[in-house]
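Here's the structure we're looking at; comments come further down.
The values are calculated or read from the model by the stated rules, or taken from the named source; none is laboratory data. Everything numeric in this text was worked out from a predicted model, so none of it was measured. Here the Cβ is made from the backbone with ideal geometry for all residues, glycine too, and neighbour counts use every protein chain on show. Ligands, DNA and RNA are excluded from the accessible area calculation, which covers all protein heavy atoms including side chains. Shrake-Rupley method; radii C 1.70, N 1.55, O 1.52, S 1.80 Å.
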Amino acid sequence: MEDFIYDKDEAGIVTVTMDMQGQGANTMNARFEPGMRAICDRLEAEEGLTGVVFASAKSTFFAGGDLNDILATTEVTQETFDFIEANKATYRRLERLPVPVVAAINGAALGGGYELCLACNHRIVVDNRKAVVGLPEVTLGLLPGAGGVVRMVAKLGLEVALGYLLEGKQAGPEEALKVGMVDQIVPMQDDLILAAKDWIKANPDSHTQPWDQKGFRYPGGDALHPKVRQMIMASSAMLTKKTRGLLPAPEKILDVAVNSMRMNFDAALRMETRRFIGLMASKESKAAISTFFFGMQAIKSGKVRPEGQPWKAGNATVIGAGMMGSGIAYAHAKRGLATRLMDTDLAKAERGKGYSETLCAKAVDRGRMDEAAAKVLLDNIMPTTENAASGTVDIVIEAVFEDIDLKDRVIAETWPMLSEGGIYGSNTSTLPISILAESCPDPSRFIGLHFFSPVDKMKVVEIIMGQKTSQDTLRRAYDYAQQIGYMPIVVNDSRGFFTSRVFGTFMDEGCQLLVDGMPPSAIERAAWIAGMPVGPLQVFDEVSLILGQKVRKTHEALDKRLGVASGFGAHNTATVAVTDPMIEMGRGGRQYGGGFYDYDSEGNRTLWSGLSQFARGNGEVPIKDAVDRILYRQAIETLRCLDEGVLNTEVEANLGGIFAIGFPAHTGGGIQFIRGEGVDAFAARARELADLYGDRFAVPDEMYDRLREPSVQAA
Ligand code: NAI
């Protein structure tokens, strides 16, 4: 069997069907370029050639570059440059054939696959929503390196092209036709080749690309056109605002896109190669590929899920229709999971459903949902005050007040509702799952299901295994999370689980910087530079200082009750030193009228002038140190969680950190951040920070050992 099947018909049209052997999709693997080169040789020598059709024998057209190869590239050399140029050269030869070349797109054509389509003279796509086209390289920290940037701009003009290049957006057939990414749609797959050949026969002279024609002009104007010049300036400002300069890929894409218009086509292609190989070895692309591609794939495909039959909850009961319970009920209803929403009185339960009503009304208003869909969604939520009949509910989730005695009582009272094979989850944010499990008759079916606020936006669930939770319950919890479209992150029971532990270190480091004398505005700025969505002082205000104190006291009380020293928040000494007195001064957080910030009647924030009283240091923390402290603190705590077995896999550590607590995405997550810096370089810097700022940065060297091995996805 061959990778490329070559078939010439009586009319002189050659159909090249790509069928990369030994793999489910066509990719730009090591055999691709030699194979394409041989095809080009043959086509150029073919007697009586009248046209060429590129087709695929797989269910997709072409999946693009081989990410394993890119991930393995740590250094770029002349060889890397030559390899990319050789790949590109085949596309260039194709578009210079003296006959029309058509792409017959039967399924997804992404990255290198769509770049091949761009090098054809005509693109026909089958009318199937899975047949998407696009250049998603930016989402992997890369740029399209097979002529994608240069040809997109030449074909669509800068403005339209940038929309797709900078976002990595994929377009279905209709959209692709509208913007010009494809030229024709056919209804059925069987029509594709025929339509391609018909087009060739009707357009025998359409074999020169617009950019190879004399007098070629960029659609929408070239780089000197006043409108385009203005757009270039605005795009670069918008990009910096969005990425804070933390992501090299979109910057390079913009650079290549703009400059390609200022130079000769072949020189532009070479520049694209240079920028591409620069990104290939960057830590940002390693981070994006490891975490967002392979990591996400590992979670989606259930690599970290216990083996066994897939499970689907047929119905649910959420107990507590407060902020979290209402959000969970909405998440269920949106995915068609019928949910009883229980509270102590009906008005509260109905108010809980009201949350979904508001979200639906907004969606309808904005044209994102129609009335009928809203009704179907809302009909899935049944407000109630009563237990369901015994043995009828597949998944029960309690989200009542964070009070251990109340939860104990509620769990015992509502347990009988569970169906055979049903599971019981608690949304507690702090209470140990193994302790709550003692209130139920079968702790093996009890598990933590920690959602985040606001539930409709934060699409991740921290699944917490109690000591006695069974693998079977975990499997069901995992499937349940995916059933409602949430990302499951599995952790073992520990005080603060994983997410709250790490998040606590972020907020504490904000307080530590304050105590060290750094001006509060500089602290928030350092967090912004580091890539955190919100500064630690503002976060403290939103979460509320009082809640933070309450959590701490809950753990102290638990320690006392159990006669243990859990060490929860042991390193978070500055939090106590700063927030306890602030609470006493009436500064409990935003909802209490003010905290680290003062708020005016319109909700505008200004930092509270009284914060200077907490400064004990000399105020000379360099911004670089502050940025590192914010990132290192969290990365070290993540590493501790991995070391202690609270986290099972690096993938979950990385994705959980990014999605649940906003650890900067460009790093690829806490553990990938350590890998990106280089384990030894990270260890050395952590030692330096420990010497300068305290033991919380001190990490036993053995803890790094697991990272000295190459990353194993989901292991
Ligand atoms: P909330 O105060 O908004 O709602 C609690 C609801 O439980 C109230 O509607 C209350 O009437 C109801 N309730 C109390 N006793 C009940 C009973 N015996 N039967 C039925 N309903 C009862 O609280 P929130 O913020 O929704 O938190 C709920 C749980 O979720 C807590 O365990 C909390 O720690 C946890 N959590 C909270 C997060 C947050 O950001 N607020 C984030 C993640 C977890």
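Less than 5 angstrom separates the built amide H of Met28 from those of Gly64, Gly65, Asp66, all sequence-distant by 5 or more or on a different chain.
Shape analysis of the chain places it in the prolate category; the axes a ≥ b ≥ c from the Cα gyration tensor give an a/c of at least 1.5, with a/b above b/c. Here the chain is scanned for chymotrypsin sites (Phe, Trp or Tyr not before Pro) in DSSP loops (not H, G, I, E, B) that have at most 16 other Cβ atoms within 10 Å, and the longest stretch holding none of them is 402-715.
Helix content alone sets the calculated 222 nm mean residue ellipticity of the chain: runs of n ≥ 4 DSSP H residues at -39500 (n - 2.57) each, divided across all residues, give -14500 deg cm²/dmol. Here's how it looks for Tyr597: its modeled amide H is under 5 Å from those of Trp608, which are all 5 or more places away or on a different chain. Expressed as a whole percentage, what fraction of the accessible surface of region 4-281 belongs to carbon and sulfur atoms when a 1.4 Å probe is rolled over the protein heavy atoms? With neighbouring chains kept in place, the figure for region 4-281 is 52 percent. The local environment of Phe32, defined by Cβ-Cβ distances under 11 Å, has a net charge of -2 under the rule Lys, Arg +1 and Asp, Glu -1.
Loop-located GluC sites (Glu not before Pro) across region 33-133 with a Cβ neighbour count of 10 or fewer within 10 Å are Glu47, Glu75, with loop assigned by DSSP.
Apply the a/c threshold of 1.5 to the C-alpha gyration tensor of region 645-715 and tell me whether it is rounded, prolate or oblate. Cα axes put region 645-715 in the prolate bin. Put simply, the amide H of Thr317, placed in the peptide plane, has neighbours under 5 Å in Arg340, Ile395, Val396, Ile397, leaving out anything fewer than 5 places away on its chain. Rounded to the nearest 20, the Cβ-based charge dipole of region 57-149 about its Cα centre (Lys and Arg +1, Asp and Glu -1) stands at 520 debye. If only the Cβ of Lys and Arg carry +1 and only the Cβ of Asp and Glu carry -1, the dipole of region 315-492 around its Cα centre is close to 600 debye. Charges on Cβ only, +1 for Lys and Arg, -1 for Asp and Glu, centred on the Cα centroid of the chain; of Ala363, Leu449, Ala389, which one is farthest towards the dipole's positive end? Highest projection toward the positive end goes to Ala363.
Of all lysines in the structure, those lying under 19 Å Cα to Cα from Lys214, and not within fewer than 8 positions of it along the same chain, are Lys155.
Accessible surface calculations at 1.4 Å, restricted to protein heavy atoms, place region 148-260 at 53 Å² per residue. Pairs with C-alpha atoms separated by more than 29 Å, drawn from the list Lys353/Lys459; Lys58/Lys178; Lys334/Lys553; Lys241/Lys624, are Lys334/Lys553. The trypsin sites (Lys or Arg not before Pro) of region 303-393 meeting both criteria, a DSSP state outside H, G, I, E and B (loop) and at most 10 other C-beta atoms within 10 angstrom of the site's C-beta, are Arg366, Arg368. For region 315-492, the share of accessible area belonging to carbon and sulfur comes to 52 percent (1.4 Å probe, ligands and nucleic acids excluded).
Taken one residue at a time, the phi angles of region 134-143 give Karplus couplings (6.51, -1.76, 1.60, θ = phi - 60°) of x, 10, x, 3, 4, 6, 10, x, 10, 10 Hz. Gly and Pro are set to x. Out of the GluC sites (Glu not before Pro) in region 341-420, which ones are loop residues according to DSSP with at most 11 other C-beta atoms within 10 Å? Sites meeting the loop and neighbour criteria: Glu386. For region 528-542, putting each phi into the Karplus relation 6.51 cos²θ - 1.76 cosθ + 1.60 with θ = phi - 60° gives couplings of 5, 4, 5, x, 6, x, 9, x, x, 6, 5, 4, 4, 5, 5 Hz, in residue order, rounded to whole numbers and with x for Gly and Pro. Computed 3J(HN,Hα) for region 402-418, one whole-Hz value per residue from the Karplus formula 6.51 cos²θ - 1.76 cosθ + 1.60 where θ = phi - 60°, is 7, 9, 4, 5, 4, 4, 3, 5, 4, 4, 4, 5, 9, 3, x, 4, 4, glycine and proline marked x.
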